[in-house]
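The values are calculated or read from the model by the stated rules, or taken from the named source; none is laboratory data. Since we're looking at a predicted model, the values are computed, not measured. Note that each Cβ is placed from the backbone with ideal geometry, even for glycine, and that neighbours are counted across all protein chains shown. Side chains are part of the model used for accessible areas, which takes the heavy atoms of the whole protein and leaves out ligands, DNA and RNA. Shrake-Rupley method; radii C 1.70, N 1.55, O 1.52, S 1.80 Å.
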Amino acid sequence: QVQVVESGGGLVQPGGSLRLSCIASGSDFSRVAGYWYRQTPGKQRDWVASISRWGFSQHADSVKGRFTISRDNAKNTVSLLMNNLRPEDTAVYYCKIFQDGVEYWGKGTQVTVSS
């Protein structure tokens, strides 16, 4: 059974940076695709970034140039480096791991951008 756990959220000032991490235990990690989503109260969960099993990455237009998704197969980890954070980036950030046609979600980590 794959378990997904996010970490790295917190409170940061506008213009600051955070690095989120997602560890997928129990997976055959070299075969998975990794995704980051975010959600604010009362709104749908929005896709932020994704990375394929071969390392091909994509980012939503709203974060392009500021956020970078990466993976470390040796550590079973997908990371999201977030630079130049804005108040509108405030949300709960969720990691999704996709393996063999099955989605596995973490419980999320809160990111708050405020002065």
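The rows are residues; the columns are (1) under 16 Å from V92 (Cβ atoms); (2) assigned to a loop (DSSP other than H, G, I, E, B); (3) of a type in the set (S, T, Y).
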{"residue": "V5", "(1), (2), (3)": "yes, no, no"}
{"residue": "I23", "(1), (2), (3)": "no, no, no"}
{"residue": "S30", "(1), (2), (3)": "no, no, yes"}
{"residue": "Y37", "(1), (2), (3)": "yes, no, yes"}
{"residue": "V63", "(1), (2), (3)": "yes, yes, no"}
{"residue": "S79", "(1), (2), (3)": "no, no, yes"}
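I'm checking my understanding of the structure. Among residues of region 7-51 that are within 15 Å of the chain's Cα centre (by Cα) and within 12 Å of Y104 (Cβ to Cβ), which one is most open to solvent (accessible area, probe 1.4 Å)?
Here the answer is I23.
Scan region 87-94 and give yes if some residue there is polar (S, T, N, Q) and under 18 Å from V4 (Cα atoms), otherwise no.
There is no residue in region 87-94 that is polar (S, T, N, Q) and under 18 Å from V4 (Cα atoms).
Within the group T112, T68, which residue is free of Cβ contacts under 8 Å to residues at least 24 places away in the same chain, among the hydroxyl-bearing types (S, T, Y) and in a strand (DSSP E or B)?
None of the others qualify; the one that does is T68.
Do you know which of the residues in region 99-109 that are surrounded by 13 or more Cβ atoms within 10 Å (Cβ to Cβ) and modelled with pLDDT of 95 or more is nearest to A33 (Cα to Cα)?
Result: Y104.
Return the pairs, sorted by first residue and then second, in which the second residue is open to solvent by 60 Å² or more (accessible area, probe 1.4 Å), the first residue lies in region 85-101 and is basic (K, R), the beta carbons are less than 9 Å apart, and the residues are 6+ apart or on different chains.
R86/P14; K96/E103; K96/W105
Looking at region 52-91 only, could you name the residues that are aromatic (F, W, Y) and open to solvent by less than 70 Å² (accessible area, probe 1.4 Å)?
F67
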